[in-house]
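What follows is a set of notes on a single structure, which appears directly below.
The values are calculated or read from the model by the stated rules, or taken from the named source; none is laboratory data. Note that the structure is a prediction, hence the values are computed from the model and not measured. With ideal geometry, Cβ positions are generated from the backbone for all residues, glycine too; neighbour counts draw on all protein chains shown.
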Amino acid sequence: MITASIITIGDELLIGQVIDTNSAWMAQQLNSIGIPVARRVAVGDNWDGIWNALDEESGKANIIFITGGLGPTADDITKPLLCKYFDGELIINQAALDNVTHLFEHVFKRPITERNIKQAEVPNTCTVILNKRGTASGMQFKKNKTIYFSLPGVPFEMMGMMEDYILPFLSNQFQLPHIAHRTLVTFGIGESMLADLIQDFETTLPNNIKLAYLPNHGIVRLRLTAIGPEKNEVNQLIDALFADLKILVKDYLVTDEDEPMERKIGKMLLERNQTISTAESCTGGYIAHLISSVPGSSAYYEGSLITYSYEAKEQLLAVKQSTLAQFGAVSEEVVKEMVNGLLTHTKTNYGIAVSGIMGPTGGMPDKPTGTVWMAVGNAEKIITQKFHFRFDRQKNIQLTAMNALNLLRMFMLSNDKE
């Protein structure tokens, strides 16, 4: 099987200053055309480190991708290194120079400098991949039977080269297998319990089918992957197995697509032509962020009221002062009044309210850190649930948001049955 390795270059990746999104996106695109990524390696702006990574990966993969280190500054050493690695010398490539000149004259509208012109220098042993979105050219090499692609680290530029040239080239160059994925999302069951539930299913999978568990914030995604030479056969096999898997996990199934909870909620609201609003006392707008991050969410999301203080709850959500005094902000009684006030204020079909203690301070003996009350409802009915989360502040916020959205999902489904 044809496999690929990805080498990402930059000290900023190793110290955590920049998150490597390039290799994740590249792996997805390569996988879609039938080329699995066997390894992903990050190295700093270090000559020996890059050289050794090239040597090592060339013995493991048919195709090697390198991103980063192609800029015009002194710390960008990838180009001179590749020139030496592939026994070449740097020359001005006319097509690359024309591209850089065009960008400065017609796009950037700035005078071109000598440093910019040097961006058109490439090893004479490479095939130039023009960068229509920037000044750093991509480069293609071949050594023995391995193909190498060197691409800019700027994601927007790298993506353009992948889509315009590299993916079509590889599809034509190799007889590639078909790789199919099917993913479902579960909620309310842990990874180990889920594994016990589908143990018999997993142990009887064919050799060309793999099952992966992907847990995150109360959610567990299950991904089936099939590989084979014939697209129709692969799809028929994986679809049949995926149907069996959905039946096994039906009590915990959120969606049979690889999509986050907030996107599933949005689809449900759109299907019903209904709307939602939120009142957040401990998540600081994080639930609003999740809902509104979905394109088109303005069709069903009215907005959020972030009410941390007693006064804000009283003035914006009409929570009674007596309720706050008697039960405290983190209570079932308060979140129910928050939903009522929210629905009165926004006139939406559904409302979510959360109030809790995210930590690391603020806990009390009867309400320790991680205590959360949430409520979901409409004009006719409100349901509540209490949680005790045990993690750091950020994870407690994330778990609160996920559980609140799931409570809304369950409430909507129960209304469908009434």
Of the residues in region 360-378 that are among the small types (Gly, Ala, Ser) and at pLDDT 95 or above, the one that is surrounded by the most Cβ atoms within 10 Å (Cβ to Cβ) is 375
Per the filter on region 317-348, residues touching a helix residue (DSSP H, G or I) at 6+ places or on another chain (Cβ under 7 Å), closer than 14 Å to residue 376 by Cα and charged (D, E, K, R) are 333, 337
Going through (1) free of Cβ contacts under 8 Å to residues at least 40 places away in the same chain; (2) outside any strand (DSSP E or B); (3) closer than 28 Å to residue 227 by Cα one by one, residue 39 fails only at (2)
Is it the case, given these coordinates, that residue 255 is within 30 Å of residue 394 (Cβ to Cβ) and either in contact with a strand residue (DSSP E or B) (Cβ under 8 Å, 6 or more places away or on another chain) or not assigned by TED's automatic domain parsing to the domain that holds residue 306 (or both)? yes
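Matching residues to (1) in the same structural domain as residue 70 (by TED's automatic domain parsing); (2) at pLDDT 95 or above; (3) not acidic (Asp, Glu):
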residue	(1), (2), (3)
98	yes, no, no
104	yes, no, yes
114	yes, no, no
118	yes, no, yes
134	yes, no, yes
140	yes, yes, yes
144	yes, no, yes
149	yes, yes, yes
152	yes, no, yes
- Task: Return yes when residue 54 is crowded, with 17+ Cβ neighbours inside 10 Å, hydrophobic (A, V, I, L, M, F, W, C) and under 24 Å from the mean Cα position of the chain (by Cα) and no when it is not.
- Result: no
Requiring at least 3 residues that are within 21 Å of residue 402 (Cβ to Cβ), the helices (runs of 4 or more DSSP H) wholly within region 274-328 are 286-292
Of (1) farther than 22 Å from residue 29 by Cβ; (2) assigned to a loop (DSSP other than H, G, I, E, B), residue 91 fails just (2)
Pairs returned, first residue in region 100-119 that is in contact (Cβ under 8 Å) with a residue 40 or more places away in the chain, second residue that is part of a helix (DSSP H, G or I) and surrounded by 13 or more Cβ atoms within 10 Å (Cβ to Cβ), beta-carbon separation under 8 angstrom, 6 or more apart or interchain, are 116/100; 116/104; 119/96; 119/100
Per the filter on region 318-350, residues of a type in the set (A, V, I, L, M), within 34 Å of the chain's Cα centre (by Cα) and more than 22 Å from residue 368 (Cβ to Cβ) are 339, 342, 343
If we keep only residues of region 192-209 that are at pLDDT 95 or above and surrounded by 13 or more Cβ atoms within 10 Å (Cβ to Cβ), then the residue farthest from residue 31 (Cα to Cα) is 197
